[in-house]
Amino acid sequence: MKPVKEFSRFAKSYQRYKIIQKRVASYLVSKVEQKPKNILDLGAGSGEIYRHVDWRFDSFIAADRSENMLMLHPDENVKKIVCDFNQKSCFERLKRERFDFVFSSSALQWSSNLDFTLKEISSFEKPCAFSLFTDKTFETIHEIASLDSPIYSLEEILYSINNYFLVNYEIKRYRLFFEDKYLMFRYIKRSGVSSGEKRLSYKETKELIRRYPHSYLEFEVVFIWTR
């Protein structure tokens with residue numbers, strides 16, 4: 001998938017732009033009651049789940065398809081595995097590891113086949129906590145530019161998740177404010193929340209910036225805890 005190239009390209013600057021991802025990871029972890037001792041973080045990136053786990057654990061597996069992102073992940077008591085959750089070989093590799101809980105924060109919306117990915121995760125037969133951005137993220141931008149969102153709708157996510165898990169879920173909306181619209185659009189490119197695809201020409205982008213009516217960006221996130 002194309003986003004991995006962008007994540008790798010902007011890996012270092014991503015650390016400065018992942019404001020929403022930090023909030024999302026913090027909330028996701030805070031609602032987990034069982035405090036697992038052996039953790040798998042799927043789509044771990046630079047380590048927001050790890051940074052928000054505030055209990056003692058025995059092992060932590062950080063799995064991500066971007067080696068550059070994993071280089072930014074903390075190392076202490078961490079096993080890093082480069083693998084792509086769009087590939088069955090990734091899950092075959094992970095099944096050889098020991099873990100008793102699966103986290104995935106701000107990553108699964110980039111699955112090329114969400115049903116496949118969730119089915120493979122369910123085969124672990126472990127409790128899970130997920131957060132996914134929905135297609136309501138950057139909703140006004142998509143409306144003005146007449147673009148379809150590159151990520152799944154809430155309905156699509158819940159339909160797939162209910163095929164494989166019994167869940168509790170919660171939907172949260174965020175607004176991130178900016179003093180300058182150009183800084184806002186720079187954030188979109190480097191934050192890892194957009195797809196990384198260039199879908200508008202320079203002229204079209206300038207017109208979009210001119211017409212954009214808000215001083216903030218919109219985000220919608222669904223939080224899911226299996227039971």
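The values are calculated or read from the model by the stated rules, or taken from the named source; none is laboratory data. Nothing here was measured: the structure is a model prediction, and the numbers come from that model. Positions of Cβ are backbone-derived with ideal geometry, glycine not excepted, and every protein chain shown enters the neighbour counts.
Assorted remarks:
- For the range 119-128, a residue qualifies if it is within 14 Å of Val167 (Cα to Cα) and surrounded by fewer than 21 Cβ atoms within 10 Å (Cβ to Cβ), and the qualifying residues are Ser122, Glu125, Lys126, Pro127.
- Pick from the range 141-169, criterion modelled with pLDDT under 95 and of a type in the set (Ser, Thr, Tyr), ranking: surrounded by the fewest Cβ atoms within 10 Å (Cβ to Cβ): Ser146
- Residue among Phe124, Phe91, Phe116 that alone is in a loop (DSSP other than H, G, I, E, B) and either under 22 Å from Ser59 (Cα atoms) or out of contact with any Leu (no Cβ under 6 Å at 6 or more places or on another chain) (or both): Phe124
- First in the range 176-189 and surrounded by fewer than 10 Cβ atoms within 10 Å (Cβ to Cβ), second anywhere and of a type outside the set (Lys, Arg), Cβ under 6 Å, 6 or more apart: Phe177/Ser215; Phe177/Tyr216
- Listed by first and then second residue, the pairs with beta-carbon distance under 9 Å, at least 6 apart or on different chains, first residue in the range 35-55 and assigned to a helix (DSSP H, G or I) and modelled with pLDDT of 95 or more, second polar (S, T, N, Q) and surrounded by fewer than 18 Cβ atoms within 10 Å (Cβ to Cβ), are Glu48/Ser26; Arg51/Ser26; His52/Ser26; His52/Ser30.
- Taken over the range 74-106, residues that are surrounded by 17 or more Cβ atoms within 10 Å (Cβ to Cβ), touching a Phe, Trp or Tyr at 6+ places or on another chain (Cβ under 7 Å) and of a type outside the set (Ser, Thr, Tyr) amount to 2.
- Extreme residue, farthest from Ser106 (Cα to Cα), among residues of the range 137-158 that are in a loop (DSSP other than H, G, I, E, B) and among the aliphatic types (A, V, I, L, M): Leu147
- Taking every residue in the range 89-111 that is among the basic types (Lys, Arg) and pairing it with any residue that is surrounded by fewer than 19 Cβ atoms within 10 Å (Cβ to Cβ) and outside any strand (DSSP E or B), at least 6 positions away or on another chain, the pairs with Cβ-Cβ distances below 6 Å are Arg93/Cys83.
- Across the range 175-195, not a single residue is classified as within 30 Å of Arg93 (Cα to Cα), β-branched (Val, Ile, Thr) and not in a loop (DSSP other than H, G, I, E, B).
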